[in-house]
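Notes for the one structure printed next.
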Amino acid sequence: MTETAQESSHHESPHESPAEFKKHLSRYYVVFVALLCLTGITVGVSYLKLNRPLAITVALIIASIKAGLVAGVFMHLLDEKKVIYAVLLLTALFFLLLMLLPSLTILEVFKST
Amino acid sequence: MSDTVIPYMVKPHPVTGIPNGKFGIWLFLASEVMLFGALFSSYVLIRTGAPHWPPEGGLSSEILNVPLATLNTGILITSSITMVLAWASCKLGELPKFKLWMGATILLSFGFLIVKYFEYSHKFELGHYPSHDNFYAVYFTLTGLHGVHILGGIVVNSYLLGPGSKLWATDREHFTNRVENAGLYWHFVDLVWIFLFPCLYLL
C-alpha cells in the first residue's frame, strides 16, 4: 500500500489560504442565527391554531428550509462532487417512494371494498 | 498490527473524486434516510388511519412538552455550529480550538439527552409507555431511535476528542477528514430532529 504510505507523509496544502477560509466562517454564524429564528417562527406559527392542512404545510415548508440550510452550508452540499449528488438523487427517489406508500395503501383499500 | 490499510483516506479516489471515508459516510447517511423514512412513512400511515390524533383526544402540543422540545432544538442547532467550527479549526491548523469546539459539541449532546430524560421521566410517571397507544408508540420509537443516534455521535466525537486526536501529530489531513465525516453524521442527526420536532410536537 505504497499509495497510502505516501499519503500519510504528505500533507496537501488546503485549496484556500487560512485568511480566505476564515471569510467563509461568517456564513456558518448567519445560518446558525437563521436556524434559531426559523425555529422560533415554527413554534410561533403553531400558536396561531391554523387549520391542520395549512399548519402541516407551513411547518413542513419551514422545516425544509432549515434542512436545506443545514445540508447546503453545514454539510457543504452547495459545493460537492457529482458522485454525492448522484447518491442523494437515488436516495431522494426511494425516500419519495416511501412517503407515497401510505397513499398507495389507501388506494389499495379502495380497490378491495 | 495489520499491514492492510484502507487506500484513499486522504487523497481523493480517482473514480469518485472524494476520499473513501467521505464516500462511505454519505452511503451510510443514504441508508439512514431509508431507516428514518420508513418510520416516517409508517407514522403517516398510522396517523391518517386514526379517527383522531392523538387517539386520546386533545392536541400533540398539549400532550408533549413543547418548551422542552424547543430548548432541545436550540441545543442541537448550537451543537451543529460548534461541530462545524471544530472542523474549521482543524482546517486552520488550530488543535486547541478544535478541542474547545468539539468539547462544547459533546457537552451540548449530553444536554440534549438530559432534557430528553426529563421528558421521558414525566411520561413514565403518568404511566404513558410506548404500549399506551399509537401516539406514544410513534413518539417513543422515533425519539428513541434519534436518541440512540445522539449517543452514537457522542461516542465518535469523544473518540476524536480523546485518543483519536493522536492522529493529528502524524497526519493532520487524515484527522481533519475524520472530523468532517463525524460532522456530516452529526448534522444529519440535527436534520432528522428538524423534521421530528414539528411533526411530533406541534402538528
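The values are calculated or read from the model by the stated rules, or taken from the named source; none is laboratory data. Predicted, not measured: the structure shown is a model, and the values here were computed from it. Cβ coordinates were reconstructed from backbone atoms using ideal geometry, including for glycine residues, and neighbour counts include every protein chain displayed.
Name the residues in segment B:78-94 that are within 9 Å of chain A (Cβ to nearest Cβ) and among the β-branched types (Val, Ile, Thr), would you?
Within segment B:78-94, B:THR78, B:ILE81, B:VAL84 meet the criteria.
So is B:GLU56 within 11 Å of chain A (Cβ to nearest Cβ) and either of a type outside the set (A, V, I, L, M, F, W, C) or buried (at least 19 other Cβ atoms within 10 Å of the Cβ) (or both) or not? Walk me through how you get there before you give the answer.
Details: within 11 Å of chain A (Cβ to nearest Cβ): no; either of a type outside the set (A, V, I, L, M, F, W, C) or buried (at least 19 other Cβ atoms within 10 Å of the Cβ) (or both): yes.
Spelling it out, it is not the case that B:GLU56 is within 11 Å of chain A (Cβ to nearest Cβ) and either of a type outside the set (A, V, I, L, M, F, W, C) or buried (at least 19 other Cβ atoms within 10 Å of the Cβ) (or both).
Quick check on my filter: what residues within segment B:158-181 are free of Cβ contacts under 8 Å to residues at least 60 places away in the same chain and away from chain A (no Cβ under 14 Å)?
Matches in segment B:158-181: B:SER158, B:TYR159, B:LEU160, B:GLY162, B:PRO163, B:GLY164.
What residue, of A:VAL58, A:VAL87, A:VAL45, is part of a helix (DSSP H, G or I) and closer than 29 Å to B:ILE25 by Cβ? Explain how you work it out, then say what you get.
On the way: A:VAL58 fails: closer than 29 Å to B:ILE25 by Cβ; A:VAL45 fails: closer than 29 Å to B:ILE25 by Cβ.
The conditions single out A:VAL87.
Kindly list the number of the only condition in (1) among the basic types (Lys, Arg); (2) surrounded by fewer than 17 Cβ atoms within 10 Å (Cβ to Cβ); (3) within 22 Å of B:THR82 (Cβ to Cβ); (4) within 7 Å of chain B (Cβ to nearest Cβ) that fails for A:ARG27.
In the conditions (1) among the basic types (Lys, Arg); (2) surrounded by fewer than 17 Cβ atoms within 10 Å (Cβ to Cβ); (3) within 22 Å of B:THR82 (Cβ to Cβ); (4) within 7 Å of chain B (Cβ to nearest Cβ), A:ARG27 misses (4) alone.
Return yes when B:GLU125 is in contact with a Leu (Cβ under 9 Å, 6 or more places away or on another chain) and not aliphatic (A, V, I, L, M) and no when it is not. Outline the logic, then answer.
Details: in contact with a Leu (Cβ under 9 Å, 6 or more places away or on another chain): no; not aliphatic (A, V, I, L, M): yes.
When the stated conditions are applied, B:GLU125 does not pass them.
Being over 19 Å from B:GLY183 (Cβ atoms) and under 12 Å from the mean Cα position of the chain (by Cα) is the filter here; which residues of segment A:63-84 pass it?
Result: A:ALA63, A:SER64, A:ILE65.
Of the conditions (1) in contact (Cβ under 8 Å) with a residue 12 or more places away in the chain; (2) of a type in the set (Val, Ile, Thr); (3) facing another protein chain (nearest Cβ under 7 Å), B:ILE75 fails just one. Which one is it?
(3)
So is B:GLU62 more than 10 Å from chain A (Cβ to nearest Cβ) and at pLDDT 90 or above or not?
yes
Output the residues belonging to segment A:80-108 that are among the hydroxyl-bearing types (Ser, Thr, Tyr), at pLDDT below 95 and surrounded by 16 or more Cβ atoms within 10 Å (Cβ to Cβ).
none
Could you go through segment A:53-64 and let me know if any residue there is at the interface with another protein chain (Cβ under 7 Å from one of its Cβ atoms) and surrounded by fewer than 18 Cβ atoms within 10 Å (Cβ to Cβ).
Yes, because at least one residue in segment A:53-64 is at the interface with another protein chain (Cβ under 7 Å from one of its Cβ atoms) and surrounded by fewer than 18 Cβ atoms within 10 Å (Cβ to Cβ).
For segment B:88-100, enumerate the residues that are surrounded by fewer than 24 Cβ atoms within 10 Å (Cβ to Cβ) and assigned to a helix (DSSP H, G or I).
B:ALA88, B:SER89, B:LYS91, B:LEU95, B:PRO96, B:LYS97, B:LYS99, B:LEU100
Which ones in segment B:1-39 are more than 7 Å from chain A (Cβ to nearest Cβ) and over 21 Å from A:MET75 (Cα atoms)?
B:MET1, B:SER2, B:ASP3, B:THR4, B:ILE6, B:PRO14, B:VAL15, B:LEU39
Rundown of residues vs (1) among the aliphatic types (A, V, I, L, M); (2) over 14 Å from the mean Cα position of the chain (by Cα), yes/no style:
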residue	(1), (2)
B:LYS11	no, yes
B:LEU27	yes, yes
B:SER41	no, yes
B:HIS52	no, yes
B:GLY58	no, yes
B:GLU62	no, yes
B:ILE75	yes, no
B:LEU85	yes, yes
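Quick one: B:ILE114 ticks every box in (1) surrounded by 22 or more Cβ atoms within 10 Å (Cβ to Cβ); (2) farther than 27 Å from B:TYR8 by Cα; (3) of a type in the set (A, V, I, L, M, F, W, C) bar one, so which box is it?
(1)
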